[in-house]
Amino acid sequence: MSENRLKYDVVVVGLGPAGSSLVYFLRNTGLRVAGIDLVDWNGIWGKPCGDAIGEHHFDETGLPKPSGPSLKNRVEGIDIYSPSEEIRLRVKGLGYIIDRNEYGKMLLKEAEKAGVDLYLKTQVKAPILEDGKLVGVKAKNSNGELIFEAKIVVDATGTGAVLRRRLPKTWPVNEPLKPTDANIAYRKILDLEDTIEDYQYIRIYVNQRIAPGGYWWFFPEGPSSVNVGLGVQGGRGYPSPKEIYEKELAHRPELRNIKRVKADAGAMVPTRRPANTLVWDNFLGIGDNGYTVNPVHGGGMGYAMSAAFYASKAIVEAFEKGDFSRYGPLWKTNLDYMKGIGAKQAALDIFRIYLQSLTDEEIEWALKNGVVKADDAYTISADGELKANLGVVDKARILISMLKRPVMLLQLRTVGNYMKDIKNLYKEYPENPDDLNKWVGKVEDLYSRFKSELGIEW
Ligand SMILES: Cc1cc2nc3c(=O)[nH]c(=O)nc-3n(C[C@H](O)[C@H](O)[C@H](O)COP(=O)(O)OP(=O)(O)OC[C@H]3O[C@@H](n4cnc5c(N)ncnc54)[C@H](O)[C@@H]3O)c2cc1C
């Protein structure tokens, strides 16, 4: 079989939200960039998804806002339902339901026009290490074996982590995903006969019986089309989400009159704090690959874009300085990501672990008694802070009702404090890669203290 040797400055493996955003950001930098993906144009951004994304992600990264064929629905907010569905919190905030394939193709076509080389239907098999140094990747397509050489190799292959998990075990980027730190999710996209009420609000149903350790969603794509699915925490022996879908959701009145099933698939989504490091020598791992997701709602597209944005700035600087090691500009990807978004995501990870330990009765009670309100839900999600009416003396009614649940009152205080502590720890993310181990030790210690204080064993 023939072998082709190709030389680039940067090779980006995986062209989902993380990889295609990165090649888009790098398109006019003068760098020689290759983007590689298994799929063809029809499969671009093909991972099953709820397709919902907040508008702020586009403002923060400067990526084009979805429009034309990439825009399915303009979202005005989220309705969060309690387990009984009697309580509804309406959290306002602009967003979109996108056509992932159309949006991804638009980014890639812009990158290609500006000179980025795309290799579709090309499977990357392994990283190439020479004398312990990462120098490229091995791939294969219909032309045979391909060797891509590059100064910087980016793993954006999602949870498959095709490169990262094949790097030496001594490299801290090779950090496995624990099954309990992921959700297994499944969704269908349906055309309905009926018109959906309030279709500009996406719906999240918190219900541990239906979606243990996750939630189920109903995201209208327009007046009569919906993306509906659920996520279930991994590693706990729960039934598969597809099985639960058929049993619990398929017969709901909202889904009674189905005209057409447009899509039907499942996948895994990480729901933990970001990986300890997104960077090592000549290497970056971004998107689901670097666990850059919101641990509470599992939204990962926007954070994949942010990680790509920071990575692109660091890559350009690395070429200016001619330093591709972890001690050079690449490390700034970590500093930029961890001190801002990462700190919030770590706080949300603490909150996620607590939420997963609650019963439906406890969640219902907290929502019914106003312990968490719409504004709080927004603050928790946007800032990773549990203000949640705790210790607010003027909210005497809430405090009095909480006294009836002394254990939960104490737990909420504990959770709020740990959320603050982990956020502060992330703000002290090490400037020097040599201090990473010590910092990881502190993070792990905080997690074990938190879990043992709440009696969480997984
Ligand atoms: C059911 C479900 C619902 C979700 N809902 C939402 C939501 O509503 N909003 C949101 O923001 N997020 C949601 N997420 C999460 C979101 O889908 C991911 O966070 C996002 O797709 C991550 O992007 P990525 O680029 O990191 O990885 P991916 O989208 O997984 O892309 C990885 C790419 O790598 C390619 N690849 C893999 N292996 C190789 C190889 N060997 N060689 C070459 N290429 C390879 C793949 O073909 C793919 O194109 C959901 C996830 C699931 C499973």
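Every number here is computed from the coordinates shown, using simple stated rules; none is lab data. This one's a predicted model, so the numbers in the text were calculated from it and none came from an experiment. Using ideal geometry, Cβ is built from the backbone for each residue, glycine included, and neighbour counts are taken over all protein chains shown.
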Sorted on mean Cβ neighbours within 10 Å (highest first), peptides 29-35, 252-258, 331-337 come out as 331-337, 29-35, 252-258
The long-range amide H neighbours of residue 263, using H built 1.01 Å from N in the peptide plane and a cut-off of under 5 Å, are 189
Over the chain, the sum of -39500 (n - 2.57) across DSSP H runs of at least four, divided by residue number and rounded to 500 deg cm²/dmol, gives at 222 nm -9500 deg cm²/dmol
Under the Karplus relation with 6.51, -1.76 and 1.60 and θ = phi - 60°, whole-Hz ³J(HN,Hα) for region 93-99, x at Gly and Pro, equal x, 7, x, 9, 9, 9, 8
Taking only the alpha carbons of the chain, the radius of gyration and the largest Cα-Cα distance, Dmax, both in angstrom, are 22.3, 76
Once amide hydrogens are built 1.01 Å from N within the peptide plane, the residues lying 5 or more places from residue 136 or on another chain with amide H under 5 Å from its amide H are 128, 150
Protection proxy (average C-beta count within 10 Å per residue), highest first, orders 160-169, 9-18, 242-251 as 9-18, 160-169, 242-251
Here the percent of antiparallel bridges among DSSP beta bridges lying wholly in the chain, to the nearest 5, is 70 percent
Taking only the alpha-carbon atoms of region 315-362, the convex hull volume per residue, in cubic angstrom, is 80 Å³
Answer in debye to the nearest 20: the dipole magnitude of region 123-280 about its Cα centre, from +1 Lys/Arg and -1 Asp/Glu charges placed on Cβ, is 540 debye
